[in-house]
Amino acid sequence: MREAADVVVAGGGLVGAAAALVAARHGLSVVLLDRAEPRVRRGALGFDTRTVALNPSSAELLSELGVFDALAKEAFTRVYVWEEHGTRHIEFDASEVNRRELGWIVEVSPTVDALWGALRREPQIEVCVGAEVSGVASDGDAVVVRAGEQSIRASLLIAADGGESAVRALLGVDTERFATGQSAIATIVQTEKHHAHTAAQCFLHSGPIALLPLPSGSGLASDLSGSGLARDPDHFVSVVWSQRDADAKARLALDDAAFAREVERATESRLGRVLAVDARASFPLTQSLAQRFQPLPRVLLVGDAARVLHPLAGQGVNLGFEDVRGIRDIIRDAGRAALADGEVWRALARRRRVRGEIMVRAMDAFRALYASSDPTLQWLRNVGVDLVNRTPLVKVELMREALGLR
């Protein structure tokens, strides 16, 4: 491991890998630290159960980094949202903002793998696996990062090491947490009907369930012969189901047939019968917001290290890529000289924290709004949804915000 670099990046997930590539592509030397080499994970139906929705601005960043075209991805052209006990729905179509698509669903581990392939080919980047940050300290015009038995002196440390960030903990940054009392179940299902390139979401009283179209031509399991299952990949969707902790525990214990019936019931059989279910994973849903995104003059928290969002709007990774674009713009405009300009990083950290607080509090309010069973509030929700759906200017503004086009 080298003893000095322009930038150290802690964490090699989607956001950290992208940040390292952005810095290197603008002429900076980079050390990337991660505890383990990533590997592609796929289940019995041939997909990673972890998926994310990329908006056009995130796709543009990944294209700039030379990885977007290589990804297995599914464009969705429509978003359809309804409520369990509602009489109205809202839908967004790409044509309303003069686009061919609203976004793309990608699997997490193959996307990380593609980014790491680019990292390995970049001579300006040294990747250090098995190295976790164990100490961070300011030293005049530098930050000293300790990893294991070695120290690296850098001009900037970008902490992208996740919701349980070691860097954030080492620097004693307080984190506001928004408990939801919910867990999410993530899995892959095969459905009777074609997903029609639509991202669908139903708000149940206990939490939202989303059906996200999966990429055609991904790693579909080769041995489906004899199972009676169609091979058409347009009949596979990712399920992300937020629900009460006790409900999630009970549904994880169901066999595949019983769980399939639960998905059909929850989504009102929107895609017909559920023909097959992959392994299920569960994780607790807790939103969080770091009190400081710049705990030291030369340290920035980005991605989930800075804030964690409820998945109901699918914006978590897109906010992380917004962080990276902010870093890119500063380095692109000022080059290496930007590393010595403390004010420009303070300004970025302030802007990103304001943006993060708005999103976290909005998601918390939105979740609470749909969790209420008050009849009057249910009626008001339906009236509001119907009004938005019939007001093109409002819909377009909401879509532009979600697409990162504001």
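The values are calculated or read from the model by the stated rules, or taken from the named source; none is laboratory data. What you are looking at is a predicted structure, and each value in this text was computed from that prediction instead of being measured. Quick reminder, even Gly has a Cβ in these numbers, built from the backbone with ideal geometry, and neighbours come from all protein chains shown.
crowded, with 23+ Cβ neighbours inside 10 Å and either modelled with pLDDT of 95 or more or in a strand (DSSP E or B) (or both): does that describe Ala75? It is false that Ala75 is crowded, with 23+ Cβ neighbours inside 10 Å and either modelled with pLDDT of 95 or more or in a strand (DSSP E or B) (or both). Here segment 318-349 is the region considered, the condition is being free of Cβ contacts under 8 Å to residues at least 12 places away in the same chain and assigned to a helix (DSSP H, G or I), and the residue that is nearest to Leu157 (Cα to Cα) is Ala338. Within the bounds of segment 166-173, is there any residue that is crowded, with 19+ Cβ neighbours inside 10 Å, at pLDDT 95 or above, of a type in the set (A, V, I, L, M, F, W, C) and closer than 19 Å to Gln315 by Cα? Checking segment 166-173: not a single residue is crowded, with 19+ Cβ neighbours inside 10 Å, at pLDDT 95 or above, of a type in the set (A, V, I, L, M, F, W, C) and closer than 19 Å to Gln315 by Cα. Consider Gly384 carefully, then state whether it is over 23 Å from the mean Cα position of the chain (by Cα), of a type outside the set (Ser, Thr, Tyr) and either modelled with pLDDT under 65 or under 20 Å from Leu312 (Cα atoms) (or both). Here the answer is yes, as Gly384 does meet what is asked. Residues in segment 136-171 that are outside any strand (DSSP E or B) and either free of Cβ contacts under 8 Å to residues at least 12 places away in the same chain or within 25 Å of Ala365 (Cα to Cα) (or both): Gly140, Glu149, Gly162, Gly163, Glu164, Ala169. Among the residues making up segment 14-59, those that are more than 19 Å from the chain's Cα centre (by Cα) and surrounded by fewer than 22 Cβ atoms within 10 Å (Cβ to Cβ) are Arg25, His26, Gly27, Ser29, Arg35, Ala36, Glu37, Gly43, Ala44, Gly46.
When Leu115, Leu62 are screened for being in contact with a strand residue (DSSP E or B) (Cβ under 9 Å, 6 or more places away or on another chain), part of a helix (DSSP H, G or I) and crowded, with 17+ Cβ neighbours inside 10 Å, only Leu62 passes. Looking across segment 118-135, the residues that are surrounded by 14 or more Cβ atoms within 10 Å (Cβ to Cβ), of a type in the set (D, E, K, R) and modelled with pLDDT of 95 or more come down to Glu122, Glu126.
Among the candidates Ala44, Ala94, Ala36, the residue that is aliphatic (A, V, I, L, M) and within 27 Å of Ile327 (Cα to Cα) is uniquely Ala36.
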